[in-house]
Amino acid sequence: MDRPQSDSLPQDLSEALKEATKEVHAQAENAEFMRNFQRGQVTRKGFKLVMASLYHVYVALEEEIERNKDNPVFAPLYFPEELHRRAALEEDMAFWYGPSWLEAVPYTAATRRYVDRLQQVGRREPELLVAHAYTRYLGDLSGGQVLKKIAQKALDLPSSGEGLAFFTFPNIDSATKFKQLYRSRMNTLEMTPEVRQRVTEEAKTAFLLNIQLFEELQELLNQDPEDQHPSQAAGLRHRVSSRLQDSIPAEQSRGTPLLSNLSQMPLIRWVLTLSVVVATVAMGFYAL
């Protein structure tokens, strides 16, 4: 079943990866953590957590890249001066976690799984390393620049860029031109159809590892009510409203105004509904 799919992929590796990861890429962008981030609903704690995870991920990725920099399966993509993020992330860790950041930076379970996979690939299947480099670096040069501006505004960070070194690529004059160069280098890698298919699947795995990381970070934030962004109170009200809507019989919920449904309820359901609304407002004020 997988063989016809491999044959139908575009000839260029870069286009094949882009096409094969469309669906999982969309899933990553629609993870709750990323949706909130894109709306400017990012807190200092949430940002510190995701930056700490990225620090561990990039340390592992770039250690494996250094291990394989002369290996023909990766050598054409070795751009340490232009791309490597470890030094920038160390600068950001010092900003967010202080001078003793090495002891303070958290290392979550999903981050460990991501790191473990990177180490396994670099040491046992280096031909798959291109999938992780493609996923991370080209993403940083694209959507990462938008996230930088959002974080700078939402967290009221200095215009000098402190705390956001990760998003800055001082040795790349044009992100668009560099991405074109990187993709052209990807397309020079020689690989069999079997390896090409494995690289494609590994790119999907890379996105899934990112999704798991985002889901874990969101869960950690949800456990801390003091970390909720004020505008997330609206999300809470929406979820309560959705649960109320789910409790209404299907034949009533289609095209029938909520107030009309409420008027048909027995008194006890009115009381319960009003109690939920009051509780929602109260929790909204608490979040504020």
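Working ranking of peptides 74-80, 131-137 by packing, defined as the average number of other Cβ atoms within 10 Å per residue, highest first, is 131-137, 74-80.
What is the extension gain from Glu103 to Glu81, computed as 0.36 nm multiplied by their sequence separation minus the C-alpha to C-alpha distance, in nm to one decimal? Taking 0.36 nm per residue and subtracting the Cα distance, the gain is 5.2 nm.
Overall, the anisotropy analysis places the stretch 11-125 in the oblate class: the square-rooted eigenvalues a ≥ b ≥ c of its C-alpha gyration tensor yield a/c not less than 1.5, with a/b not exceeding b/c.
Short-range pairs are left out: with C-alpha atoms under 8 Å and at least six residues apart, the relative contact order of the stretch 66-129 is 36 percent. Projecting label points 7 angstrom from Cα along Cα→Cβ for Glu19 and Glu125 puts them 2.2 nm apart.
Each reported figure results from applying straightforward, stated rules to the coordinates on display, with no laboratory input. Bear in mind the structure is a predicted one, so any value in this text is a computation, not a measurement. Counting neighbours? That spans all protein chains shown, and the Cβs are built from the backbone with ideal geometry, glycine included.
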